[in-house]
1. Can you tell me which residue is most open to solvent (accessible area, probe 1.4 Å) among those in segment 60-84 that are in contact (Cβ under 8 Å) with a residue 40 or more places away in the chain and under 17 Å from residue 115 (Cβ atoms)?
2. Give the residues of segment 1-54 that are surrounded by fewer than 16 Cβ atoms within 10 Å (Cβ to Cβ), touching a residue at least 24 places away in the same chain (Cβ under 8 Å), more than 22 Å from residue 100 (Cα to Cα) and of a type in the set (Gly, Ala, Ser), sorted by residue number.
3. Looking at (1) under 23 Å from residue 1 (Cβ atoms); (2) part of a helix (DSSP H, G or I), which is the only condition residue 89 fails?
4. Within segment 95-114, is there a residue that is part of a loop (DSSP other than H, G, I, E, B), closer than 15 Å to residue 7 by Cα and open to solvent by 20 Å² or more (accessible area, probe 1.4 Å)?
5. Kindly establish whether residue 57 is closer than 22 Å to residue 103 by Cβ and surrounded by fewer than 16 Cβ atoms within 10 Å (Cβ to Cβ).
6. Within segment 1-20, is there a residue that is under 20 Å from residue 104 (Cβ atoms), among the aliphatic types (A, V, I, L, M) and within 11 Å of the chain's Cα centre (by Cα)?
Amino acid sequence: QVQLVESGGGLVQAGGSLRLSCAASGRTFSRYVMGWFRQAPGKEREFVAAISRSGDSTRYVDSVKGRFTISSDNAKNTVYLQMNSLKPEDTAVYYCAGSTRNWSGPYIPDLWGRGTQVTVSS
């Protein structure tokens, strides 16, 4: 069973940047389509970004397009989320996720990390 551990969260001013990392244990990392979700206080968890197993395809929620970039390093079993031009509305707990489903279908995770807090001050 793969375990996911996020890091890189913190407090940043609006307009700043953070890079989140998600390290996966286990030798089956390449089986998973990796992604990121976030959950703000009082709101439902929402999809943020995902990357295909090969790393050559990505998808994003509209609100982060052009500001966030997801990438992966299969040799290191790690997926990243580079977040630029951060806004106060990006404040949330960010969760790493993994899915065994096909890339072409809806992104439904089978694995979750515990989350890392991102707070953007105005």
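1. So the residue we want is 80.
2. 7, 10, 14, 15, 16, 17, 40
3. (1)
4. Checking segment 95-114: at least one residue is part of a loop (DSSP other than H, G, I, E, B), closer than 15 Å to residue 7 by Cα and open to solvent by 20 Å² or more (accessible area, probe 1.4 Å).
5. yes
6. Within segment 1-20, not a single residue is under 20 Å from residue 104 (Cβ atoms), among the aliphatic types (A, V, I, L, M) and within 11 Å of the chain's Cα centre (by Cα).
The values are calculated or read from the model by the stated rules, or taken from the named source; none is laboratory data. Everything quoted here is computed from the prediction, not taken from an experiment. Virtual Cβ from ideal backbone geometry, glycine too; neighbours counted across all protein chains shown. Keep in mind that these areas ignore ligands, DNA and RNA; they rest on the heavy atoms of the full protein, side chains included. Shrake-Rupley method; radii C 1.70, N 1.55, O 1.52, S 1.80 Å.
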